[in-house]
């Protein structure tokens, strides 16, 4: 059990707003898999276009969603109400408004509170609205990521929501900014109780160089889309750490989470809750079960008595680059494992490795200590020490 924005959660896992959370039947599956919470599919007063799910998928790299159907207000209200009646999940109501004023945000927030939502999640992240138009030199309205790029507008949105609801307000922020901590702090000043930081970098798929007219499957035309999956993970750690180290804003962190180890890493960089969708869409609800059970097992094995003991554990390591202290060391070879395959000889910048007597030999004097050979070795015969 842990508390986030004053709300109790049985564990830190939240299913992210996505096709996984668009129907109550799927929310029941999320609960059965062990999730503590879910963020419902993005709701508008009236969605600007009625899309169909079209996306690029490469499980080794990531996904890009550029087109999808969202929910109109009545659909969103019904979903939240049914979810609260039929599941024990904590429900984040994910909303956005594209109009030129703030009244739409207030209307959406009030409606979702009345429907029974536990938290409002103000969507300042989705790039598939005004931001894609803006990046193509077109005029776009102010919802989603376009609003999230403007700290003052983000502050105002948080403020108007806090004025009309008495449940926690969480701002889900776009990573497509110069300084995400500045936007997080602006939301905090507006009264936001927390922020969500989870992927959604602007992205395009690789071009089929033999058929460049077909970019996304089953879609005529192409647009920038929202990046998910493994490609987000390292950037996600950095976003969470930036906000956690510079503000006191509680964080839902995600982007590329596939395993419990990824989830724990997000928590150690400062996230209180963790969230995922792409890995579940690819590999099924067992992803949730494995993450929840894995975190619990890790805590027991390592002697942690509460989830909060994990949160921010890695932050004391952060310092400016000029204050980093390189330590001496070089790769050590396990000659029993090494099969002289020669892969460690490939790095073009390195002249420290040779093969002698059927195994790799490292010249300490010539070694940079970069660790690339350790990462490349398929036999796990090298370790830095």
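Every read-out reported here was derived from the displayed coordinates using simple, explicitly stated rules and does not represent laboratory data. Treat the numbers as computed from the prediction; the structure is a model and nothing was measured. Cβ coordinates were reconstructed from backbone atoms using ideal geometry, including for glycine residues, and neighbour counts include every protein chain displayed.
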- Message: Can you give me the angle between helix 233-246 and the longest principal axis of the chain, using Cα atoms only, in degrees from 0 to 90, rounded to the nearest 10?
- Response: 70
- For region 326-384, what's the radius of gyration and Dmax over Cα atoms, in angstrom? 10.3, 32
- Note on the structure: For region 194-302, the Cα-Cα pair-distance distribution in 10 Å bins from 0, as whole percents, is 14, 37, 29, 14, 5, 0
- Out of every Cα-Cα pair in region 248-342, what percent are more than 17 Å apart? 63
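Please work out whether region 233-284 counts as rounded, prolate or oblate from its C-alpha gyration tensor, where a ≥ b ≥ c are the square roots of the eigenvalues and a/c under 1.5 means rounded, while otherwise a/b larger than b/c means prolate and anything else oblate?
prolate
Evaluated at 10 °C with a viscosity of 1.306 mPa s, what Stokes-Einstein diffusion coefficient in µm²/s does region 70-132 have when Rh comes from the Kirkwood expression over alpha-carbon pairs?
Numbers: Rh = 12.3 Å.
Result for D is 129 µm²/s.
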- Viscosity 0.890 mPa s, 25 °C: Kirkwood-radius Stokes-Einstein D of region 11-162 over Cα pairs, µm²/s: 155
- Query: Under the classification rounded if a/c is under 1.5, otherwise prolate if a/b is larger than b/c and oblate if not, where does region 1-43 fall, given a ≥ b ≥ c as square roots of the Cα gyration tensor eigenvalues?
  - Reply: oblate
- Message: I need the peptides 34-42, 181-189, 118-126 ranked by packing, meaning the mean over residues of other C-beta atoms within 10 angstrom, with the highest value on top.
- Response: 118-126, 34-42, 181-189
- Query: By how many degrees, 0 to 90 and rounded to 10, does the Cα axis of helix 103-115 deviate from the longest principal axis of the chain?
  - Reply: 90
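How large is the direction-averaged shadow of the alpha-carbon convex hull of region 1-90, in nm²? Please report the intermediate quantities before stating the final value.
Numbers: hull surface 28.2 nm².
Projected area, direction-averaged: 7.1 nm².
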